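Input: a single structure, listed below in structure tokens.
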Amino acid sequence: MLSGEENDLLCRVEGDAPMGQLMRRHWVPALLSEEVAEPDGKPVRVRALGINMVAFRDSEGRLGIMDELCPHRRASLVYGRNEECGLRCLYHGWKIDVDGNVTEMSSEPPGSTLTEKVKHKVYPSREWGGFVWIYLGPAEEMPEFEPPAFAPEEDTKVSILKIKVPCNWAQITEGQIDSAHSSSLHSSDMVPARVNSAGATETNWLRPSTDKSPRLQVQRTDFGFRYAAIRRPIKNAASHDYVRVTVFIAPFTSLIPPNTSYNVASVIVPIDDENTAFHFIAWGGVDCPDTETWRKFANAQPGIDLDDDYNCLRTLDNDFMQDREKMKTGNFTGIAGIPNQDIAMWVSMGPIVDRSREVLGASDMAIVEFRRIMVEAARTMQQGGPAIGTAEPRVPHASIASYQGVIEKSVDWRTMGAAAEELQAAAASAKEAS
């Protein structure tokens with residue numbers, strides 16, 4: 001369990017909160033590229049770490065991310081006109097380009113030099129792997145942008161679903177790194193089968209194990225940690241283990257064990273203390289689904305399962321559309337879609353869960369490690385130290401990989417995970433050389 005002070009250190013991200021300051025030292029995947037795909041299209045409201053911004057793509061296709069409120073009289077630029085290489089405020093016609101220059105002031109007299117004295121706050125941005133990444137920290141500490149683990153190459157196939165969840169980022173991340181819950185909560189979608197490796201069909205995922213009580217082992221790293229959930233396989237249980245290695249890359253990314261068709265990741269970005277943007281990602285592999293297929297598989301399609309602003313139509317008020325009749329006929333949760341099952345659990349805990357009242361067990365080892373690492377990281381930040389994952393020497397994220405497989409009991413899972421990472425790094429190097 002955590003004390004109230006530790007829970008605040010873990011969860012709070014707004015203003016001067018140490019966790020938020022830590023996250024601002026990283027590139028933040030703040031919105032999807034598809035949200036700002038159209039030049040001169042509708043400006044998009046963006047909120048991350050409690051900061052309100054507006055994003056737009058100008059007439060020449062350049063991307064601008066800036067403070068939401070106009071520098072003149074603080075009206076919202078979300079309602080502005082995106083035209084002729086700038087965003088024009090509706091209130092008095094001030095026009096601002098992607099670099100923060102005020103290029104026109106319709107309300108000022110001819111010959112005014114005020115435009116030369118005003119510079120609007122803009123944030124550095126990069127597009128990669130389906131996301132728009134922004135940097136929100138001090139300019140002098142801005143790191144070089146690097147490819148994320150789920151998109152090691154610019155042309156890596158990536159399919160992303162996005163859902164805004166009304167709860168804190170940490171309880172969502174804990175759900176993503178908690179391997180034990182999948183054998184219960186997702187048991188109707190992650191189905192035990194006599195297969196040699198985890199597989200994927202159009203309707204569910206297959207697992208070579210019926211074991212609901214994994215043994216956990218943790219390996220701490222400079223970027224976060226890896227951990228193995230070790231289960232009895234259906235076949236060759238006397239001589240083999242089924243091992244699923246999950247990786248947490250602080251502060252936003254979890255690499256979930258893959259299947260034979262594609263890799264899986266999640267990216268968790270705090271909107272503010274009590275709201276989070278959850279991204280569930282299929283990527284790479286031999287048969288990665290396209291974006292619409294992925295969203296349909298997960299029951300997370302805008303216009304069907306979500307509103308136009310990525311809010312889930314399944315809520316506490318409608319019991320997440322739980323179908324008790326399906327439960328009577330064998331469906332474990334009665335909630336359609338793996339992410340929706342998770343969201344029901346996360347949101348039911350409240351906006352920020354009271355961790356002082358929990359009863360943890362052996363299956364919660366990864367949760368305990370996550371809290372220990374991130375509370376320590378927040379305290380280091382509070383004391384003027386570096387943000388976790390930014391100090392040298394650093395492990396390139398594109399070389400980090402999760403792993404799953406049935407292996408002999410004599411084999412150390414760490415060597416299998418290392419081999420998967422070496423293969424990924426070799427593939428990236430070969431592509432770069434070509």
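The values are calculated or read from the model by the stated rules, or taken from the named source; none is laboratory data. This is a predicted model, so every value here is computed, not measured. Neighbour counts are summed over all protein chains in view; Cβ atoms, including those assigned to glycine, are modelled from backbone coordinates with ideal geometry. When the accessible area is computed, the model is the full protein with side chains, heavy atoms only, and any ligands, DNA or RNA have been set aside. Shrake-Rupley method; radii C 1.70, N 1.55, O 1.52, S 1.80 Å.
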Requested in this report: Using the structure shown, decide if residue 222 is open to solvent by 40 Å² or more (accessible area, probe 1.4 Å) and among the acidic types (Asp, Glu).
Outcome: yes
Query raised in the report: residue 159 passes all but one of (1) out of contact with any Ser or Thr (no Cβ under 6 Å at 6 or more places or on another chain); (2) open to solvent by less than 30 Å² (accessible area, probe 1.4 Å); which number fails?
Result: (1)
Requested in this report: Starting from residues that are aliphatic (A, V, I, L, M) and touching a Gly at 6+ places or on another chain (Cβ under 7 Å), keep the ones in the stretch 92-125 and report whichever is least open to solvent (accessible area, probe 1.4 Å).
Outcome: 96
Query raised in the report: What tally of residues in the stretch 298-312 results from selecting those that are out of contact with any Phe, Trp or Tyr (no Cβ under 8 Å at 6 or more places or on another chain) and open to solvent by 50 Å² or more (accessible area, probe 1.4 Å)?
Result: 6
Query raised in the report: Residues in the stretch 340-352 that are among the aliphatic types (A, V, I, L, M) and open to solvent by 20 Å² or more (accessible area, probe 1.4 Å): how many?
Result: 3
Query raised in the report: List the pairs whose first member sits in the stretch 23-48 and is among the hydroxyl-bearing types (Ser, Thr, Tyr), whose second member is part of a loop (DSSP other than H, G, I, E, B), and whose Cβ atoms are under 6 Å apart, counting only residues at least 6 apart or on separate chains?
Result: 33/130
**Report entry** Wholly within the stretch 245-341, strands (runs of 3 or more DSSP E) carrying at least 2 residues that are aromatic (Phe, Trp, Tyr)
**Finding:** 275-283
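Condition check ((1) out of contact with any helix residue (DSSP H, G or I) (no Cβ under 6 Å at 6 or more places or on another chain); (2) open to solvent by less than 10 Å² (accessible area, probe 1.4 Å); (3) on the phi > 0 side of the Ramachandran plot) across all residues:
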site: 23; (1), (2), (3): yes, yes, no
site: 26; (1), (2), (3): yes, no, no
site: 33; (1), (2), (3): yes, no, no
site: 39; (1), (2), (3): yes, no, no
site: 47; (1), (2), (3): yes, no, no
site: 53; (1), (2), (3): yes, yes, no
site: 61; (1), (2), (3): yes, no, yes
site: 66; (1), (2), (3): yes, yes, no
Query raised in the report: Among the residues of the stretch 151-158, is there at least one that is touching a residue at least 40 places away in the same chain (Cβ under 8 Å), acidic (Asp, Glu) and touching a Leu at 6+ places or on another chain (Cβ under 8 Å)?
Result: no
